[in-house]
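Data first, discussion second: the structure below is written as structure tokens.
The values are calculated or read from the model by the stated rules, or taken from the named source; none is laboratory data. Owing to the predicted nature of the structure, the values given are computational and were not obtained by experimental measurement. Because the Cβ atoms are built from the backbone with ideal geometry, glycine has one as well, and the counts that use them run over all protein chains shown. All accessible areas refer to the heavy atoms of the entire protein, side chains included, with ligands and DNA or RNA removed. Shrake-Rupley method; radii C 1.70, N 1.55, O 1.52, S 1.80 Å.
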Amino acid sequence: MAILRVEPLTTARALRGPFDYRQPEAMEGLEVGSVVRVPFGPRRILGVVVELAEASELPPERLAEPVEALEAGATPELVRLGLWVAREYCSTPSRGLQLVLPPGTGTGAGGRTVRAKTELRATILPAGETALAGGERLGTKQRAVLDALRSGEMSAGELSTAVGADRATLRRLEERGLVATRSVAVRRIPGEPGLSGAAERPQLLPEQEDAVASLVAALDGEAGAPRRLLLHGVTGSGKTEVYLAAVEAALERDKGAIVLVPEIGLAPQAVARFRARLGDRFAVLHSALSAGERYDEWRRLRSGEASVCVGPRSAVFAPVRDLGLIVIDEEHDPSYKQEGDPTYDARAVARKRAADSGAVLVAGTATPRPETWLELPRLELPRRVDGRSLPPVHLVDMREADPRSGPVHGETWEALEEVRAAGAKAIVMVNRRGFAPWLTCRSCGHHWGCPNCDVSLIVHRHSGRLVCHHCAHAEPQPRACPECGSTTLAQAGAGTERIEKLLAERLDPMPVLRLDSDTAAGRGAHARILARFEEAPSAVLVGTQMVAKGHDFPEVTLATILDADATLRFPDFRAEERTFAMVAQLAGRSGRGEAGGEVIVQTLAPNAASIEHASRHDSAGFLEAELQRREVLRYPPFSHLTRINFASEHEAKLEDAASAVAADLRRALPDESELLGPAPMFRVRNRHRRRILIKAQDREGAVAAVRDVVERRVADRSLKDVSIGVDVDPQ
Ligand code: ADP
Ligand code: ZN
Ligand code: ZN
């Protein structure tokens, strides 16, 4: 008897399968990866077949059968990958499997609502022709339909537009044997973004050719060719062309490819280029698509109709067939790490998937992460394709500036005014959105904080509200102080809205466009803002880190960052790395055209290693120094980190849980490992927080210890008011 081992798709951490079910005779073709609805106690829930077996330990009469099999499921390869992610990141099999299932599968008793969309198509039969020619009695609608069908097959929708016939008319004609109908799947096609993507293929430069040749050698499995590579190329050195050529080479060899890009909203230009070049072989998967579009793109990949998937981190789970190549564009980008459970890192998953499927992996960036630099053989693209040098970077020391003159330094204003005079374009980056990060009363010192979190509320002038950037809290912007009634309120600091206002006033009539998560919120809004910037003859683009990512506008002659050290102040070992990448990426946006360009970096920390190296475009120098620092402090890549996050409304219970887990861990962890904490974190959403950090050489040993301890504690009822989350390899 055939047995199906089914892992239930549930959110409950404690419920672990797989459970055995009998393979029903009527349900053919069930395999590993099939999604089935199974009886589970009194309920019916969704589950994934994770194994086929010959026999069960349970007697046959105690085994139930699935009641339904869904339209599409995952592949066995992807089931293994999903279960690997679950283990590797201390999550549950159900959560791991959900990553690899068709979009919209759902969990538990709720179920799939997304299905393939079909339409009815009709053709005329010989009897229909005869009926038209004479003899038979026909209604006017019926006659019109038959007449229309004489020129070929039509869909029900087309017939309705052409002759106003509804489905009932078609059905009656079918019953009379005058037409035949069939149901066909139709594809819901994701909309085109508003940006141009050139389809022509430029003549590659010698260094681009060399990089492509190395990747092709790897694709062909040549002896000694490394199968994982870092493409280190300065901004504008033509990395995307190298990816495209490698993807085309994979397709020529009947292999599929996955191209990971940072959050898709941030890369509309790159996506447009892939779409233009690859045509029908191209599929895109991301969360801004409608559920139907996502499902259809997924099915096109699963069926082999499309062979290249472009998308953000979740696209690493795309059901691409015969995977030959994985590209990770902008490999330094933090969005490759998922924040929620499972806290997977798409770069690590890509590596695992490439290894298991024998695919080649290439990670590209101008600003590699220290771990990638140390680990992967490099392909270098040292110059820009146009032969122009990288723009000079000018550091402006804000410690010496007069604080009353505001957030934009005099030298920066001069440079912006020159851009206006020349009719060129500028990019201005500020690390914070909103108008001002602090609101205080000048008379009594009252300060507006979030009622749910220990943070300041941010003034958003545009919407007239005070907003918490950590929870959903928002309140109207006050006119007077609730404590003393004074109306003199001080808005301190500057976010994107304030800078936008300052620039618009002073640089009039040059248009100022703002790009941050507030203006880029709607579907396609991000691409529309970039398209407006592209079309304007002269303009300023102001915004958060979004303005420094993934676009290429030759008319930009000035890029400036107003608070380059803001990211340095985060208490995080990656602060230097992040700051370096941010400044170098922003600098790379300037001077891509004939007019050349310059970069101005305003900072309170002009001597920080990250800012100094970035101002010289010296990533090798920065990485060598940073790796030395990491080695001394025993940070990755010289150790592996695991973080355990605790949160609860009850501070005492939180304390107990965190110390109990810490005590358990001290016994269970490998001897060489180091445990830091539990350390208090600021309160968010009314929940107090604590954090434990583990540094270990032996990643597997540490993760296994954490998994055991956390699983045991989660099962402990006394801790039910405390949520415990594990973040393996926190970023
Ligand atoms: P990167 O990804 O390294 O920032 P891109 O691949 O986006 O660089 O290339 C920057 C620009 O140069 C793009 O407009 C691209 O079309 C163009 N380009 C790339 N390679 C060549 C080449 N060999 N000859 C001419 N133009 C090129
Ligand atoms: Zn007051
Ligand atoms: Zn809040």
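At-a-glance table
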quantity: Per DSSP, loop GluC sites (Glu not before Pro) in the stretch 474-510 with at most 16 further Cβ within 10 Å; calculated: Glu483
quantity: Ratio Rg/Rh, restricted to the stretch 544-601 and using Cα atoms, in which Rh is the Kirkwood radius; calculated: 1.03
quantity: Mean residue ellipticity (222 nm) of the chain, computed from DSSP H runs ≥ 4 via -39,500 (n - 2.57), nearest 500; calculated: -9500 deg cm²/dmol
quantity: Helix 291-303 vs. the chain, principal-axis angle (Cα, 0 to 90°, nearest 10); calculated: 70
quantity: Net lengthening on full extension, Arg201/Arg685 (0.36 nm per residue, minus Cα-Cα); calculated: 169.1 nm
quantity: Volume in Å³ per residue [convex hull over Cα atoms, computed for the chain]; calculated: 230
quantity: The stretch 415-448 versus the stretch 38-63: alpha-carbon centroid distance in Å; calculated: 61
quantity: The chain, accessible area per residue, ligands and nucleic acids excluded (1.4 Å, Å²); calculated: 44
quantity: Relative contact order (%) - the stretch 379-508, alpha-carbon pairs under 8 angstrom, separation at least six; calculated: 25
quantity: Rounded to 5, the percent of DSSP beta bridges in the chain classed as antiparallel; calculated: 55
quantity: Portion, in percent, of the accessible area of the chain that falls on carbon or sulfur, probe 1.4 Å; calculated: 49
quantity: Nearest 10 degrees, 0 to 90: helix 76-88 Cα axis against the chain principal axis; calculated: 30
quantity: Unit Cα scatterers, Debye sum, the stretch 607-731: log10 I(q)/I(0) for q = 0.13, 0.21 Å⁻¹; calculated: -0.61, -1.09
